1. Per 0.36 nm of contour for each residue apart, how much would the distance between residue 214 and residue 98 grow if the chain were fully extended, relative to their Cα-Cα spacing?
2. Note down the nm distance, to one decimal, between modelled labels 7 Å out along Cα→Cβ at residue 123 and at residue 69.
3. Compare the Cα positions of 93, 67, 107 along the charge dipole of the stretch 64-108 (+1 at Cβ of Lys, Arg; -1 at Cβ of Asp, Glu; about the Cα centre) and return the one farthest towards the positive end.
4. Relative to the present Cα-Cα distance, how much length would full extension add between residue 189 and residue 160 at 0.36 nm per residue of separation?
5. Which lysines have a Cα lying under 23 Å from the Cα of residue 49, excluding residues fewer than 8 positions away in the same chain?
6. What share of all Cα pairs of the stretch 174-226, in percent, falls into each consecutive 5 Å distance bin?
7. Which value results when the Cα radius of gyration for the stretch 111-236 is divided by 2.2 N^0.38 Å?
8. If you add up the charges near residue 119, with Lys and Arg at +1 and Asp and Glu at -1, over every other residue whose beta carbon is less than 12 angstrom from its beta carbon, what do you get?
Amino acid sequence: MDRRNFLKKSGLATAGLVVASQLSSVESLAEQIENETQFSLPALPYDFKALEPHIDALTMEIHYSRHHKAYVDNLNKACADNKIKAGSIEELLANISKYPAAVRNNGGGHFNHSLFWRLMQPNGGGLPTGPIAEAINSNFGSFDAMKLKFSEVAKSRFGSGWAWMVLRDGKLDIGSTPNQDNPLMDVSELKGKPVLALDVWEHAYYLKYQNKRVDYITAWFNTINWDTVNELYAAK
Ligand code: MN
């Protein structure tokens, strides 16, 4: 029996067609899912209670599992709704003026939080180490002077936003952005490559610190992962 006759007799020719059409619908479903999930929530590099007493476990859990997740979900939805196929989050941010507000807010939210988690660690803080320590001294005079300036900028950002230390034209600068904007966005007044970032939205500190943002900022300095800061500083 040749192949054609065998298929005819066994009814597999028809079955094969059904399988082929099912495969193609599986493929298109996979493509659809891929388009709707261009971005994903990165794993938290420590557990929720790891940054206590500086940042409490409940704040970490809500901040990561609800706030950050919502930015990721809403970014994927905004990209799908507007048929945006982003190469990378950085590319999206660099051209953010071309996209709707939902992409700006949620794209910024996703990038900023992904960076923020990496910039903290249990038993972090202390004096900066490595090349960033020298750069801080030469740009600001001392770590204390840098800390004072960063804290002042973080404290005085009105409403919700972020404080940043950025590298621009080989120099370090400190500034802030409103909402979920960041220094990689073409619309941002503050520009540069982020090397340090602090979330000063109330959701980042209100459960433990209520309205005392300054206390949160002071405590947060005890969580800084200077290895990550050095990595960001060294990266081209
Ligand atoms: Mn936040």
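1. 38.2 nm
2. Going from the residue 123 label point to the residue 69 one covers 3.1 nm.
3. Going by the charge dipole, the pick is 67.
4. Gain on extension, residue 189 to residue 160, equals 8.8 nm.
5. Once the sequence-local lysines are set aside, what remains near residue 49 is 69, 208, 212.
6. 4, 18, 24, 21, 19, 11, 3
7. Numbers: Rg = 13.5 Å, N = 126, 2.2 N^0.38 = 13.8 Å.
Normalised Rg, Cα atoms only: 0.98.
8. Details: positive: 118; negative: 199, 227, 231.
After counting each charged neighbour, the total is -2.
Read-outs: derived from the displayed coordinates by stated rules, not from any lab. Worth saying up front: this structure is predicted, and the values here are computed from it rather than measured. Virtual Cβ from ideal backbone geometry, glycine too; neighbours counted across all protein chains shown.
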